Amino acid sequence: MKIQGLAAKTSGAELEPYSYEAPSPQNFQCIIKVLSCGICHSDLHMVDNDWEMSNYPIIPGHEVIGEVIEIGSQVNHIKVGDRVGIGWQRTSCLSCRDCLRGSENLCDEMQALIATGPGGFADYLEVDSRFAFAIPDGIKTNVAGPLLCGGITVYSALRYAGMGSGLEIGVIGVGGLGHLAVQFASKLGNRVTVFTTSKDKAEFAHELGANETVIVEKNQPPSAPSQPLNILLSTVPASIDWASYIDFLDSDGTLTLVGVPDAPLSIPGFPLLMKRRRILGSVIGGRAMMQEMLSVAERYQIEPIVEIFPMEKVNEAMEKVRNNQVRYRAVLSHQL
Ligand SMILES: NC(=O)c1ccc[n+]([C@@H]2O[C@H](COP(=O)([O-])OP(=O)(O)OC[C@H]3O[C@@H](n4cnc5c(N)ncnc54)[C@H](OP(=O)(O)O)[C@@H]3O)[C@@H](O)[C@H]2O)c1
Ligand SMILES: [Zn+2]
Ligand SMILES: [Zn+2]
């Protein structure tokens, strides 16, 4: 079948219509009709080739919600008509140590959807059904997409950093990922402090569940929160004042990074040593964690706050993401 997508043909280019031929789904593959797709900051990194792994033309989009319309012979856990979501991960080997212990996201053969083929800014998409996740009935199609990358990324990072309840948790950057991190941490019973460069976000943060906000002024060190933090999650796609943030951690506290800094971290050793603090990195999440995150989101009514654009307004939407003007996640939809 012919699939109509929106692609960047060179680094940093605007997206334009681009069509390609997809074969009939074999084995575990299936075809979905795209209903909506979030725009993650990683889509911008990939269009810009920031990570030097982009293949052009590149069709971005990895927060995809769609309806299954055709399945391969070995697909058995989803059927035609089901509503599913696909995130950053296209597939993995499913037989290495990482895969077998439920960390498919750490597999050496992990394929990223938009680094190894077309993504979800399109009318249809062929995917590996083993990385397509049923969307719980209580989560609406136009808001579900951001959970598939933004949601799983912050949920998994917070869980591996030790998130339970009753902890002091800080979130740096209240964008697509950050506004979900605040909701997960707060609704699961933690006290949340937000660090933001945007005054309007500081005002809105308590509606997301934050207890405290720190406005970070450009080129100024951030002010200390009122309490030392057990976990501090950075969702910022840039280098920030790591030395100050390390000092905000409690003893045994963890700074966990999901935002991708544009330069190596520069961190003094003593503040780490003297309080036994840790720095952690985290990338998306495994399949079991994805299922858990989706049910937690449904049960605790954790819902992405989205700005919806028709698919053809993709360039306008991407520009708004670039300029930090979206509150809080842009979603392209065929369902307006
Ligand atoms: N590790 C993973 O698996 C994973 C998965 C998905 C995305 N990511 C990465 O996570 C990062 C965030 O993605 P996103 O989709 O949430 O992006 P986003 O919606 O653009 O949000 C990023 C937020 O960071 C803050 N920010 C941006 N530039 C900043 C700067 N120079 N200094 C300080 N704060 C700044 C802004 O928040 P305020 O307005 O509140 O200051 C902005 O809203 C990206 O690097 C993306 O590639 C990683
Ligand atoms: Zn993403
Ligand atoms: Zn593997």
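The values are calculated or read from the model by the stated rules, or taken from the named source; none is laboratory data. What you see is a predicted model; the values in this text were computed from it and never measured. Cβ placement follows ideal geometry from the backbone for every residue including glycine, while neighbour counts extend to all protein chains displayed. Just so you know, the surface numbers come from the protein's heavy atoms only, side chains and all, with ligands and any DNA or RNA stripped out. Shrake-Rupley method; radii C 1.70, N 1.55, O 1.52, S 1.80 Å.
Tell me the carbon and sulfur percent of the accessible area for the stretch 162-281, rounded to whole percent, probe radius 1.4 Å.
Roughly 52 percent of what the probe reaches on the stretch 162-281 is carbon or sulfur.
The alpha-carbon of LYS218 sits under 24 angstrom from the alpha-carbons of these lysines, leaving out residues fewer than 8 places away in its chain: LYS199, LYS201, LYS320.
The phi torsions of the stretch 243-252, fed into the Karplus equation with coefficients 6.51, -1.76 and 1.60 and a -60° offset, translate into couplings of 4, 5, 5, 4, 5, 7, 7, 6, 4, 6 Hz, rounded to whole numbers, with Gly and Pro shown as x. Distance from the Cα centroid of the stretch 1-64 to that of the stretch 149-228 is 30 Å (rounded to whole angstrom).
Picking from ARG287, ARG322, ARG83, which is most flexible by a Gaussian network model of the chain using Cα springs under 10 Å? Ranking ARG287, ARG322, ARG83 by mean-square fluctuation puts ARG322 first. Taking amide H as placed 1.01 Å from N in the peptide plane, the amide H of ALA112 sits under 5 Å from that of ARG90, each at least 5 places away or on another chain. Given axes a ≥ b ≥ c from the Cα gyration tensor, I'd like to know whether the chain is rounded (a/c under 1.5), prolate (a/b larger than b/c) or oblate. Since a/c reaches 1.5 and a/b is larger than b/c, the shape of the chain is classed as prolate. Only lysines eight or more places from LYS140 in sequence, or on another chain, were considered; those with a Cα closer than 17 Å are LYS33. Our estimate of slack between ILE215 and TRP51, defined as 0.36 nm per intervening residue step minus the Cα-Cα distance, is 56.1 nm. Counting 0.36 nm for each residue step from ASN27 to ASP137 and taking away their Cα separation leaves a gain of 36.9 nm.
Per residue, the solvent-accessible area of the stretch 164-232 (1.4 Å probe, heavy atoms of protein chains only, all protein chains present) comes to 40 Å². For the stretch 295-336 and the stretch 121-144, what is the separation of their Cα centres, given in Å? Result: 15 Å between the Cα centres. Only aspartates and glutamates eight or more places from LYS275 in sequence, or on another chain, were considered; those with a Cα closer than 13 Å are ASP247, ASP250, ASP252. A simple rule links phi to the HN-Hα coupling: the Karplus curve 6.51 cos²θ - 1.76 cosθ + 1.60 with θ = phi - 60°, which for the stretch 127-144 gives 9, 7, 4, 6, 10, 10, 10, 4, 8, x, 4, x, 10, 6, 4, 6, 10, 6 Hz, with x for Gly and Pro.
Taking amide hydrogens as placed 1.01 Å from N in the peptide plane, the amide H of TYR124 sits under 5 Å from those of GLN4, VAL34, each at least 5 positions away in sequence or on another chain. Just for the chain, what percent of DSSP beta bridges are antiparallel, to the closest 5? Approximately 55 percent, going by the DSSP bridge assignments.
Note that the stretch 63-77 has calculated 3J(HN,Hα) couplings of 10, 9, 10, x, 10, 5, 10, 7, 10, x, 5, 9, 6, 10, 9 Hz, one per residue in order, obtained from phi through the Karplus relation 6.51 cos²θ - 1.76 cosθ + 1.60 (θ = phi - 60°); glycine and proline are x. Along the Cα-to-C-beta direction of ARG322, a point sits 7 Å from the Cα; which residues of the stretch 96-130 have their amide N less than 12 Å from that point? What the label zone holds, given the 12 Å backbone N cut-off, is no residue at all.
Indicate the gyration tensor shape class of the stretch 162-281 (rounded, prolate or oblate), computed on the Cα atoms with a ≥ b ≥ c the square roots of the eigenvalues: a/c under 1.5 is rounded; otherwise a/b larger than b/c is prolate and the rest oblate. Cα axes put the stretch 162-281 in the oblate bin.
Residues whose amide H falls under 5 Å from that of LEU229, counting only those 5 or more places apart or on a different chain, are LEU249, ASP250, with hydrogens built in the peptide plane.
Considering only PHE121, PHE28, PHE131, the mean-square fluctuation computed in a Gaussian network model of the chain, springs between alpha carbons under 10 angstrom, is largest for PHE28. Residues of the stretch 121-147 falling in the label zone of ILE308, defined by backbone nitrogen less than 11 Å from a point 7 Å along Cα to beta-carbon, are 140-144. What is the stretch 38-182 by shape, rounded, prolate or oblate, if you read a ≥ b ≥ c off the alpha carbon gyration tensor as root eigenvalues and call it rounded for a/c under 1.5, prolate for a/b larger than b/c, and oblate otherwise? Cα axes put the stretch 38-182 in the rounded bin.
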